[in-house]
Amino acid sequence: MLKFEILDHPSDLKIKIFGKGKKELFENAVFAMGECLRPEIEIPEKNTKSKIKIKSADLFSLLVDFLSEVLYRAQVNKEIYYKVKFDKISDTELKAELFGEKVKRFGLEIKGVTYHNLNIEKKNSQWQAVVLFDI
């Protein structure tokens, strides 16, 4: 199953993310953002972990708040996160642990996660989200 695809956008980074459920959708969103940052790994196999807890008004806000927090931690800690283990996820709250690696630098700078054209929907048995990142 395809995790994500990059969509055309004239000035920013637009990604369509796929998942069998909300949990997989959020996992694939973190993976997609990490791939697009094009990290140069500092020490391969030196794993990092970080706990995260987010409360938001709705599912749309939860996705933006979650990705914004992951992006913030990536930039501040110079880490890239590729895996998420959820302890809890609902439409308004999540608790999880992020797993990743230290990086020397990122090949792309993402300034922020936006609400512009944000969409989350379930089509048939698959969840999809479209997220626009300010670069």
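The values are calculated or read from the model by the stated rules, or taken from the named source; none is laboratory data. What you see is a predicted model; the values in this text were computed from it and never measured. Note that we place each Cβ from the backbone using ideal geometry, even for glycine, and neighbour counts take in every protein chain shown. When the accessible area is computed, the model is the full protein with side chains, heavy atoms only, and any ligands, DNA or RNA have been set aside. Shrake-Rupley method; radii C 1.70, N 1.55, O 1.52, S 1.80 Å.
Placing +1 on the Cβ of every Lys and Arg and -1 on the Cβ of every Asp and Glu, with no other charges, gives the chain a dipole of roughly 380 debye about its Cα centre. Remark on Leu37: its backbone amide H falls under 5 Å from none of the residues 5 or more positions apart or on other chains, H modelled at 1.01 Å from N. The order of Tyr81, Tyr115 by accessible area, most exposed first and with a 1.4 Å probe, is Tyr115, Tyr81. The accessible area of Phe60, taken with all protein chains in place and a 1.4 Å probe, comes to roughly 70 Å². Tell me the carbon and sulfur percent of the accessible area for segment 50-135, rounded to whole percent, probe radius 1.4 Å. That fraction is 46 percent. For the chain, the longest piece that avoids every one of the trypsin sites (Lys or Arg not before Pro) found in DSSP loops with at most 12 other C-beta atoms within 10 Å covers 47-110. Considering only Tyr82, Ala129, Leu108, the residue lying farthest towards the positive end of the dipole of segment 75-130 is Leu108, judged by Cα position with unit charges set on Cβ.
The calculated FRET efficiency for Leu118 paired with Asn77, based on their beta-carbon distance and R0 = 41 Å, is about 0.95.
Taking each DSSP H run with n ≥ 4 as -39500 (n - 2.57) and averaging over every residue of the chain yields -8500 deg cm²/dmol at 222 nm.
Under the combined filter of DSSP loop state and at most 14 neighbouring Cβ atoms within 10 Å, segment 10-62 retains these GluC sites (Glu not before Pro): Glu42, Glu45. In plain terms, the chain from Leu108 to Thr92 could stretch by 2.8 nm, reckoned as 0.36 nm per residue minus the Cα-Cα distance. Close Lys pairs in segment 1-70 (alpha-carbon distance under 25 Å; sequence gap of 8 or more, or different chains): 27. Rounded to 0.05, the FRET efficiency of the Glu40 and Asp65 pair, given R0 = 30 Å and the Cβ-Cβ distance, is 0.65.
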